[in-house]
1. Could you check the range 149-191 and list, in sequence order, the residues that are closer than 19 Å to A77 by Cβ and either among the acidic types (D, E) or within 21 Å of the chain's Cα centre (by Cα) (or both)?
2. Which one of the conditions (1) surrounded by fewer than 16 Cβ atoms within 10 Å (Cβ to Cβ); (2) under 13 Å from the mean Cα position of the chain (by Cα) does A60 fail to meet, given that it meets all the rest?
3. Identify all residues within the range 65-81 that are closer than 19 Å to L164 by Cα and in a loop (DSSP other than H, G, I, E, B); write none if there are none.
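What follows is calculated from the coordinates using simple rules that are stated; it is not laboratory data. The structure presented is a predicted model; accordingly, all values stated were derived computationally and were not measured. Please note: Cβ atoms are built from the backbone with ideal geometry, for glycine as well, and neighbour counts cover all protein chains shown.
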Amino acid sequence: MRGNGIQACSTSLYRKMPGLHRFFGSVDSEIHDLEVTGVDQVWVSDVTYLKVKGERRYLATVMDRYSRRVLGWSYSATRTVELTRRALNNALRIRRPDGKVYLHSDRGSEYLAGGYKRLVKKAGFTQSMNRRRRMNDNAHMESWFKTMKSDMYHRYSFDSDRQLINAMRSYIRFYNEERLHSSLDFCTPMEIEALCA
């Protein structure tokens, strides 16, 4: 092609979507410079994907940023607002904080959906999202996913959703109650929360 002066033609891979930046910019990062000094000040949330027999599954998780305790989680074959709503509802069954709580997440569309925003508002939380191109705003959740996958998920193969759900349930109990965290002076999340009580 080069020798004959021929160039490949291609269409644009991306199309402009008016209002997209405004949509994702509608929630600011409220926690960027916030110093977290105790539980129930900042909760963080995110979604990761897993696989069962080669098919994608999604895991949404809510964690207290200070204690690193996983408060709620939800698992589904589809990544929708219902997945993230269930994870938050499960966290609210564990704990209903009285004071001001920031609920921080990445910039996924399921976190900007009306149903999710209404649930956040009903809980009395202030919603916060990653700044554009700043994925480390939600580093605590990314760290949780990395730890969970290296400790448990990548060590086994799962033939059914039920197997993976049971493994997740068992691992989260272990993570909260037994696994020592170097970032917590080698305490467990539950021990840190007991110290804050």
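1. K149, Y153, D159, D161, L164, I165, N166, A167, M168, R169
2. Here A60 clears every test but (1).
3. Correct list: A77, T78, R79.
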